[in-house]
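Step one of this worksheet: look at the structure below.
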Amino acid sequence: MKKYVTLLCIAMVVAACSNSRPTFKKEDISLVPKPVSFQLKDSSFEFNSATAISLEDQSQQKAANYLVGLFNNAAGYSLAVSEGKINEGLIFESTQELKEGAYQLEVDPDIIRIKATDESGFFNAVQTLRQLLPAAIESKEVVDTAWFVPCVSIEDEPRFQWRGMHMDFSRHFFKMDEVKAFLDYMALYKLNTYHMHLTDDQGWRLEIKKYPLLTEKGAWRIPNNQDTICNTRAVENDLYKIDESNFKEIDGERMYGGFYTQEQIKEIVAYAEDRCITVIPEIDMPGHFKSAIDNYPFLSCNEESGWDTVFTYPACLGKETTYEFMKNILSEVVALFPSKYVHIGGDEVNIKSWEQCPHCQGVIKENGLKDEHELQSHFNRNIEQYLQSQGKQLMGWDEIVRGGLTKDASMMWWRNWAPKAPQIAADNGNDIVVTTTAAYYFDYLNEGNKLERVYNYEPVPESFSPEQEEHVLGIQANLWSEWIPNFKRLEYQAFPRMFAVSETGWVAKKDKDFEPFNKSVQKQYDRLDVLDVHYYIPAVEGLEKEIAIVDSTSVTLKLAYPLEGVEIYYTLDGSVPDKNSLKYTNPFVVKDTGTIKARAYRGDVFNDLKSSKIVKREFYEALEVTPENNGLKRWVPKGKFKRVEDIKIPTTANWTAVDGIELGELKEETNFSIIYEGFFKAEKDAVYIFETQADGGSLVYLDKELAVDNGGYHGPRKRYGTVALKKGWHAISVRYKPSSNPRMIKVWYGVQGEDLEPIDISVLSH
């Protein structure tokens with residue numbers, strides 16, 4: 001266990017030794033999510049081996065059991081639980097006045113009172129109490145400390161009923177103890193829905209007794225391209241190491257995989273229920289079904305399994321055997337999961353095989369369906385009717401909206417670029433869980449989907465009416481595991497962004513404020529240390545681009561944001577840094593080519609490696625020119641060139657004067673190219689960075705030498721280059737060939753080590 005001791009814990013021990021009860025300051029306390037109403041009072045309550053717990057009814061048992069379990073582990077004694085009345089200790093009281101999940105918590109020096117209407121309310125109150133206790137309460141070993149809780153008065157209730165996290169078991173698999181640890185993290189932060197993505201093309205992870213091949217063979221695969229990427233990254237980063245225990249030899253081949261038996265699923269469901277967490281199973285159909293079709297090929301249209309251009313062949317929706325197979329699977333699923341919902345996926349289905357399949361076309365014709373999308377909806381309705389007969393409701397990804405939904409189906413909105421999907425669903429009366437890539441895809445790197453962005457994202461679309469908003473069940477963050485090959489990496493991707501999901505799911509929109517939230521988050525890291533969570537710590541900045549030198553240059557490193565206890569270590573020889581490497585304290589000078597690598601540590605927690613090559617540059621001498629006009633000259637040829645690399649400028653080019661580099665009136669045009677030419681003014685002798693963001697392709701030349709290569713044919717992306725320029729004017733040429741949908745051409749510049757700014761008329765002439 002990591003040995004972080006906070007000043008707060010020291011203060012508690014001192015107070016205990018002096019037989020006095022400490023009074024806490026507001027800044028000592030961190031509660032995530034923050035309560036609706038919070039009042040801090042003088043003094044504190046002390047838990048000890050004589051502390052008693054009084055219950056009124058069975059709805060309070062789970063909460064009491066959880067608290068008792070924490071003290072058993074960390075304090076080494078068991079709190080006495082009874083149904084008798086007590087004058088001191090912890091009292092649970094039932095009331096009919098609060099909404100589901102809500103609670104009232106009153107802590108006084110001799111007594112704690114918790115009021116709630118249902119078991120989730122009592123459980124949520126205990127999680128608040130858990131966060132008010134010292135972080136050492138998370139210990140699995142006995143800790144010698146005093147267990148003081150500040151005297152507070154709290155009234156609290158959740159904003160959304162669905163506050164979820166998702167794990168993908170198909171791409172990479174996770175063990176039972178890892179699932180249980182994650183459920184404990186969720187409980188701590190009042191998250192109440194756990195979405196298990198159990199099947200996909202890469203693996204089938206749930207035992208189905210009627211179809212044993214699904215796990216005998218479908219749960220195992222030879223290493224694939226996702227493993228290759230992880231293995232490549234793992235050379236310098238242990239967080240990408242694939243869990244070796246998930247490999248075994250089958251018929252002489254090394255195979256990756258794993259699955260849960262039905263008994264193990266029952267154990268997971270029971271463990272979650274003890275924490276007031278509902279487990280939602282996802283069995284993907286009719287697409288992402290390759291792991292089943294591999295072993296039961298009659299399920300596909302052509303009785304073959306495999307990949308098309310992007311997605312795999314789906315199950316055939318024209319054969320009765322497909323429907324029978326799906327329902328037989330679901331009959332076993334619904335018996336294992338007591339949840340209201342069963343998620344059937346329904347996303348990214350490749351409909352091409354249905355277009356050619358006589359069985360599928362026959363069903364379309366017989367049922368008067370308009371197209372293959374309505375064929376999928378026909379399938380969904382059939383499966384939905386079966387689930388309803390089993391007392392369940394169907395849920396799927398937002399693609400299921402296309403082709404029509406019944407009013408009882410629910411959907412997860414993940415494609416933020418498809419804003420009509422939630423609108424259609426809400427208008428149709430369907431419930432929605434918001435899980436968009438814009439904020440809630442936690443397989444995206446922390447640097448891309450940052451904590452502040454996740455926190456400030458409002459899940460309810462701005463266009464929603466109050467009636468439509470009633471259909472938003474809540475939010476969920478997803479951890480797709482293509483490049484999450486082990487549990488430590490999963491923790492790294494989840495924390496601290498899971499805090500933002502916790503608070504957004506709980507706190508009303510009007511009451512959210514990132515700055516105080518972030519201060520609370522800072523105090524949670526010591527608790528995560530005791531839990532042995534490998535969380536994300538701020539990235540090292542300063543090595544995003546290559547570093548160019550003429551003779552030498554100073555290198556400045558910094559953290560993306562401050563976090564107490566984080567230190568930067570680096571190397572200059574290309575080796576992977578650790579805590580025995582050079583410790584960064586001040587900017588340092590480099591004089592030779594090579595590679596700088598750096599990463600940050602907080603105790604034993606480390607982050608992803610950052611690196612930069614040091615390259616040699618020679619100065620370009622300034623030109624002896626005196627440009628007469630501000631801005632650049634521009635030539636726009638129509639249809640002459642297929643690629644930016646093909647552009648050649650004739651002597652007869654028709655140039656026009658422009659202020660800078662932008663599409664302007666050309667944004668909606670097609671089949672054209674742009675060439676900008678003129679001079680760039682270097683204000684001093686220095687290494688300059690030029691950066692472009694462009695679709696299609698772009699090239700930047702300085703003094704006729706290629707400085708930025710953003711060529712080829714692609715969507716919007718950034719590229720940069722470094723060039724050493726003497727003070728004065730230098731020839732600049734920018735060439736751009738847009739894609740079929742012109743979007744952007746932007747150019748920035750700056751002295752190396754300084755912030756870049758848009759290139760404009762202030763430094764351009766012709």
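The values are calculated or read from the model by the stated rules, or taken from the named source; none is laboratory data. Bear in mind that the values here come from a model prediction, so they are computed numbers and not experimental data. Glycine gets a Cβ as well: all are built from the backbone with ideal geometry, and neighbour counts include every protein chain shown.
Quick look at the values:
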item: Residue ID - surrounded by the fewest Cβ atoms within 10 Å (Cβ to Cβ), chosen from residues in the stretch 26-73 that are hydroxyl-bearing (Ser, Thr, Tyr) and within 37 Å of the chain's Cα centre (by Cα); result: 37
item: Qualifying residue in the stretch 663-674 (condition: in contact with a Lys or Arg (Cβ under 7 Å, 6 or more places away or on another chain) and polar (S, T, N, Q)); result: yes
item: Residues (of a type in the set (A, V, I, L, M, F, W, C) and assigned to a helix (DSSP H, G or I)) located in the stretch 39-88; result: 63, 64, 67, 68, 70, 71, 74
item: Residue within the stretch 576-599 that is closer than 22 Å to residue 750 by Cα, assigned to a loop (DSSP other than H, G, I, E, B) and either under 28 Å from the mean Cα position of the chain (by Cα) or of a type in the set (D, E, K, R) (or both) present; result: yes
item: Considering residues of the stretch 153-169 that are outside any strand (DSSP E or B) and among the hydrophobic types (A, V, I, L, M, F, W, C) only, the residue nearest to residue 509 (Cα to Cα); result: 160
item: Filter pass, residue 489 being within 15 Å of the chain's Cα centre (by Cα), crowded, with 22+ Cβ neighbours inside 10 Å and of a type outside the set (A, V, I, L, M, F, W, C); result: yes
item: Search result, residues across the stretch 627-645 that are of a type in the set (Gly, Ala, Ser) and in contact with a His (Cβ under 8 Å, 6 or more places away or on another chain); result: 631
item: Scan of the stretch 583-602 for residues that are surrounded by fewer than 16 Cβ atoms within 10 Å (Cβ to Cβ) and in contact with a Lys or Arg (Cβ under 6 Å, 6 or more places away or on another chain), ordered by number; result: 593
item: Failed criterion for residue 349 (all others in (1) free of Cβ contacts under 8 Å to residues at least 40 places away in the same chain; (2) within 17 Å of residue 317 (Cα to Cα); (3) in contact with a helix residue (DSSP H, G or I) (Cβ under 7 Å, 6 or more places away or on another chain) hold); result: (1)
item: Some residue of the stretch 140-152 being in a strand (DSSP E or B) and among the small types (Gly, Ala, Ser); result: no
item: Residue satisfying all of: in the stretch 176-200; crowded, with 24+ Cβ neighbours inside 10 Å and over 19 Å from the mean Cα position of the chain (by Cα); nearest to residue 126 (Cα to Cα) among these; result: 199
item: Residue, surrounded by the most Cβ atoms within 10 Å (Cβ to Cβ), within the stretch 233-248, restricted to residues that are acidic (Asp, Glu) and within 17 Å of residue 173 (Cβ to Cβ); result: 243
item: Test: residue 640 is modelled with pLDDT of 95 or more, part of a loop (DSSP other than H, G, I, E, B) and surrounded by fewer than 17 Cβ atoms within 10 Å (Cβ to Cβ); result: no
item: Matching entry among 94, 82 (being at pLDDT below 95 and among the polar types (S, T, N, Q)); result: 82
item: Only listed residue being in contact (Cβ under 8 Å) with a residue 40 or more places away in the chain, buried (at least 23 other Cβ atoms within 10 Å of the Cβ) and on the phi > 0 side of the Ramachandran plot, chosen from 728, 696, 753, 712; result: 696
item: Residue match in the stretch 674-683 (condition: surrounded by fewer than 19 Cβ atoms within 10 Å (Cβ to Cβ), under 27 Å from residue 553 (Cβ atoms) and either among the aliphatic types (A, V, I, L, M) or at pLDDT 95 or above (or both)); result: yes
